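In what follows, a structure is listed as structure tokens, so that the remarks can point back to it.
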Amino acid sequence: MVSYKELGLVNTREMFKKAVAGGYAIPAFNFNNMEQLQAIIMAAAETKSPVILQVSKGARNYANQTLLRYMAEGAVAYAKELGWENPQIVLHLDHGDSFETCKSCVDFGFSSVMIDASSLPYEENIALTKKVVEYAHQFDVTVEAELGVLAGVEDEVSAAESHYTKPEEAIDFATRTGCDALAISIGTSHGAYKFTPEQCTKDPKTGRLVPPPLAFDVLHEIEKKLPGFPIVLHGSSSVPQEYVDMCNQYGGNLPNAVGIPEEQLREAAKSAVCKINIDSDSRLAMTGAIRKHLAENPSHFDPRQYLKPAREEMKKMYIHKIVNVLGSDGKAE
Ligand code: G3H
Ligand code: 13P
Ligand code: ZN
């Protein structure tokens, strides 16, 4: 058993309280390789933003859970080396699918876990979430749960159709499970294809797809029923057109990729939404930069030659999200 406290990590409790009161959101960035992690830490250290490092099931399969945990421990030391005296870094399990997975992360030094039982019937979601909360809270590890189903298909996370979170269930769910934060469904979804072209309208000037707006009425109803309770938005990549274009211009094929407009995420961050999950934008920034570099430098074969600009591009993107979208800069001085 290793406590996250020994690793210099923090849980989400204080972080979320301040974020809800201050009208900003904490970035939750997924990582599965060193360059992503370096870019996240450089961006957080430079902007003095609290940050949540997320590890998904796909990341654990790809990179190994043990290695990722040691990388997060190293990230705390690295942040200090970069001049961030008191780094506020959370190591979070993203979309935990069982009690056993959550327990293994709690026992191994994660400071926060998500139990995603949202595809189970309501009462079973409550029972499993409660079991995880009871275990995790013994070690002061915070727990995120999910209510409602997100649309989209993304490797390990899929749902044929989405069901918005029912506001009346949110209060019952939060009270009975004792969870610390609740992921809700208001129209976001995982991946780079969040909406079909048929669901969108077309901007007459640019010809770009414009997605339907998020269900802010559902969010506000939940806020009213659970004042001050931390709300989480998954599937919140904005799928920046510049990265989609960069991929496509240099040999990629990402037709009709569309995400959540940043103005809507900015609006959500001002509400009780205090954690915003971003993974796909990092994938797009990295792939776009690598494709461009290799197309322009066909003789290069040292991975450092193309991973360095990819890391720079991701860092730029993370800083942009922190400063211009979530508003978490300077909140971890
Ligand atoms: O929530 C989904 C994340 O983007 C993780 O996806 O399982 O492919 O790493 P992944
Ligand atoms: P995106 O695919 O929109 O980046 O969402 C990531 C996510 O929700 C991770 O849990
Ligand atoms: Zn997610």
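The values are calculated or read from the model by the stated rules, or taken from the named source; none is laboratory data. All values derive from a computational prediction rather than experimental measurement. Methodologically, a virtual Cβ is constructed for each residue, glycine included, from the backbone with ideal geometry; neighbour enumeration extends over all protein chains shown. Side chains are part of the model used for accessible areas, which takes the heavy atoms of the whole protein and leaves out ligands, DNA and RNA. Shrake-Rupley method; radii C 1.70, N 1.55, O 1.52, S 1.80 Å.
Annotations
- Failed criterion for D180 (all others in (1) over 22 Å from I276 (Cβ atoms); (2) of a type in the set (D, E, K, R); (3) in contact with a Pro (Cβ under 9 Å, 6 or more places away or on another chain) hold): (1)
- Filtering the stretch 162-172 for residues that are within 16 Å of ligand 3 (Cβ to nearest atom), in contact with a Cys (Cβ under 8 Å, 6 or more places away or on another chain) and not acidic (D, E) leaves an empty set.
- Of the listed requirements (1) open to solvent by less than 50 Å² (accessible area, probe 1.4 Å); (2) charged (D, E, K, R); (3) under 15 Å from T188 (Cβ atoms), D302 misses just one: (3).
- Cβ separations smaller than 7 Å between residues 6+ apart or across chains give the following pairs from the stretch 211-225 residues that are among the aliphatic types (A, V, I, L, M) to residues that are open to solvent by 50 Å² or more (accessible area, probe 1.4 Å): A215/Y164; V218/Y164.
- Only one entry of K80, K18 meets the criterion of being of a type in the set (K, R), closer than 30 Å to G228 by Cα and more than 16 Å from the chain's Cα centre (by Cα), and that entry is K18.
- When residues of the stretch 103-135 are limited to those that are over 14 Å from A181 (Cβ atoms) and β-branched (V, I, T), the one surrounded by the fewest Cβ atoms within 10 Å (Cβ to Cβ): I126
- Considered as a group, the residues in the stretch 264-297 that are among the basic types (K, R) and open to solvent by 60 Å² or more (accessible area, probe 1.4 Å) include one that is nearest to ligand 3 (Cβ to nearest atom), and that residue is R283.
- Matching residues in the stretch 2-13 - criterion: being surrounded by fewer than 23 Cβ atoms within 10 Å (Cβ to Cβ) and not in a loop (DSSP other than H, G, I, E, B): K5, E6, L7, R13
- Remark: pairs (first residue in the stretch 44-66, among the polar types (S, T, N, Q) and away from ligand 3 (no atom under 16 Å from the Cβ); second residue open to solvent by 10 Å² or more (accessible area, probe 1.4 Å) and part of a helix (DSSP H, G or I); Cβ separation under 8 Å; 6+ apart in sequence or on different chains) = T47/I319; T47/V323; Q65/S104.
- Residues located in the stretch 274-294, provided they are within 13 Å of ligand 2 (Cβ to nearest atom) and closer than 20 Å to D329 by Cβ: K275, I276, N277, I278, D281, S282, A285
- Any hit, the stretch 13-20, residues being touching a Lys or Arg at 6+ places or on another chain (Cβ under 6 Å) and among the small types (G, A, S): no
Residues checked against (1) surrounded by 15 or more Cβ atoms within 10 Å (Cβ to Cβ); (2) within 15 Å of ligand 2 (Cβ to nearest atom):
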| position | (1), (2) |
| --- | --- |
| E169 | yes, no |
| T175 | no, no |
| T206 | no, no |
| E221 | yes, no |
| G228 | no, no |
| H234 | yes, yes |
| G252 | yes, no |
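- Top-ranked residue in the stretch 103-112 [being in a loop (DSSP other than H, G, I, E, B) and either among the charged types (D, E, K, R) or more than 16 Å from ligand 1 (Cβ to nearest atom) (or both); ranked as nearest to S49 (Cα to Cα)]: S111
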